[in-house]
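Where a number appears in this text, it was derived from the coordinates with a stated rule and is not lab data. Just so it is clear, the model here is predicted, and its values are computed rather than measured. Counting neighbours? That spans all protein chains shown, and the Cβs are built from the backbone with ideal geometry, glycine included.
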């Protein structure tokens with residue numbers, strides 16, 4: 001008999017997905033699969049739970065939570081000895097959308113039991129203790145927005161919480177400049193995105209060529225401080241019409257370094273991840289992600 005362990009974040013999505021998975025397990029009829037639920041109680045516990053499974057690995061680990069919960073697992077265990085499935089339960093569910101999983105967690109679990117696995121790249125932040133990311137890391141404006149969206153706001157407003165903080169950020173963010181260096185070339189930026197996937201929170205499209213399996217990060221460098229231009233740029237990204245202009249730069253890289261004034265914020269998969277200085281690298285074909 002095969003075994004699936006489900007790590008559940010009960011705080012994700014107001015607990016609805018957690019409740020749906022519990023009901024599914026109570027009515028479990030798959031005689032070829034044994035199932036166990038592990039419920040997180042605090043931040044980073046999902047990563048520790050995944051590590052604890054390594055000595056006696058299950059046939060499948062399913063993560064029921066938002067992108068931040070999956071990030072905890074990927075950061076703690078970037079090359080697990082078992083496939084990892086996403087059971088979407090968060091606000092944005094970027095990774096689930098990227099691999100075209102249904103947003104219903106029970107349906108996603110049913111698909112995941114087929115264990116169609118693709119080893120995808122992971123981004124990696126340093127120096128110091130390494131933090132990984134599955135779909136994107138951001139420096140500057142988007143990290144500022146992510147840092148200001150609280151769990152209470154997400155519970156009350158959903159994606160509207162991000163729209164509200166984008167509006168506030170366009171008024172208040174200082175857009176300080178920093179340096180991005182990749183492949184011997186230097187760029188001056190006020191924001192930067194290192195994308196491992198096409199998808200981004202809220203359906204925004206910034207890097208249409210990004211691919212989780214191509215061995216590269218797609219880099220978007222934003223220059224200047226024109227808030228009206230940036231608002232237009234974000235609106236077009238929401239319409240999935242990524243804009244080409246003279247104050248943005250797009251290129252591909254496997255490694256880059258960023259340096260600038262203290263306090264410029266960083267996010268990884270939508271979660272705050274410190275501040276500059278920063279190194280970004282890539283772990284190619286390392287994370288066994290279940291896809292439809």
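Taking 7 Å steps out from each Cα toward its Cβ at residue 181 and residue 2 produces label points 4.8 nm apart.
For residue 168 and residue 118, what is the calculated FRET efficiency with R₀ set at 30 Å and r taken between the beta-carbons, to the nearest 0.05?
Numbers: r = 38 Å, r/R0 = 1.26.
Efficiency at R0 = 30 Å is approximately 0.20.
Please state the relative contact order of the chain as a whole percent: Cα pairs under 8 Å, 6+ residues apart?
Reported relative contact order: 21 percent.
Compute the long axis of helix 67-76 from its Cα atoms, compare it with the longest principal axis of the Cα atoms of the chain, and write down the angle in degrees, 0 to 90, nearest 10. Roughly 80 degrees, rounded to the nearest 10.
Mind sorting 218, 142, 52 by how few other Cβ atoms lie within 10 Å of their own Cβ, fewest first? Before the final figure, lay out each step's value.
Working: 218 22, 142 29, 52 11.
Fewest-to-most Cβ neighbours within 10 Å comes out as 52, 218, 142.
In plain terms, the residue of 1, 49 with the fewest other Cβ atoms within 10 Å comes first and the most crowded comes last, giving 1, 49.
Relative to the longest principal axis of the Cα atoms of the chain, the long axis of helix 160-172 lies at roughly 20 degrees.
Which FRET efficiency value, to the nearest 0.05, is calculated for residue 229 and residue 130 with the Förster distance at 35 angstrom and r the Cβ-Cβ distance?
Numbers: r = 35 Å, r/R0 = 1.00.
Here the calculated transfer efficiency is 0.50.
Considering only 196, 44, 93, the Gaussian network model of the chain with Cα springs below 10 Å gives its largest mean-square fluctuation to 44. For region 169-193, backbone nitrogen atoms closer than 19 Å to the point 7 Å from residue 245 Cα along Cα-to-C-beta are found at 169-178, 188-193. Just checking the listed ones, 249, 26, 168: in the Gaussian network model of the chain with Cα springs under 10 Å, the one fluctuating most is 26. Placing dummy labels 7 Å off each Cα toward the beta-carbon, the span from residue 262 to residue 106 is 5.3 nm.
Which percent, to the nearest 5, of DSSP beta bridges fully inside the chain are antiparallel? The answer is about 70 percent antiparallel. Taking all Cα pairs closer than 8 Å and separated by 6 or more residues, the relative contact order of region 126-285 comes to 30 percent.
How far is helix 227-238 tilted, in degrees, relative to the longest principal axis of the Cα atoms in the chain, given as a value from 0 to 90 rounded to the nearest 10? So the helix axis and the longest Cα principal axis differ by about 30 degrees.
Using a simple spin-label model with pseudo-atoms 7 Å out from Cα toward Cβ, residue 45 and residue 152 lie 2.1 nm apart. Roughly how many whole Å is it from the C-alpha centroid of region 212-239 to that of region 142-171? Result: 18 Å between the Cα centres. Remark: 199, 116 ranked as 116, 199, counting other beta-carbon atoms within 10 Å and listing the fewest first. GNM remark for the chain: springs join alpha carbons under 10 Å apart, and the peak mean-square fluctuation among 16, 107, 27 falls on 27.
Of interest is the spacing of the C-alpha centroids, which for region 40-61 and region 246-292 amounts to 25 Å.
Can you pull the percent of Cα pairs in region 34-166 with separation above 26 Å?
Details: 2038 of 8778 pairs.
Summing the P(r) of region 34-166 above 26 Å gives 23 percent of all pairs.
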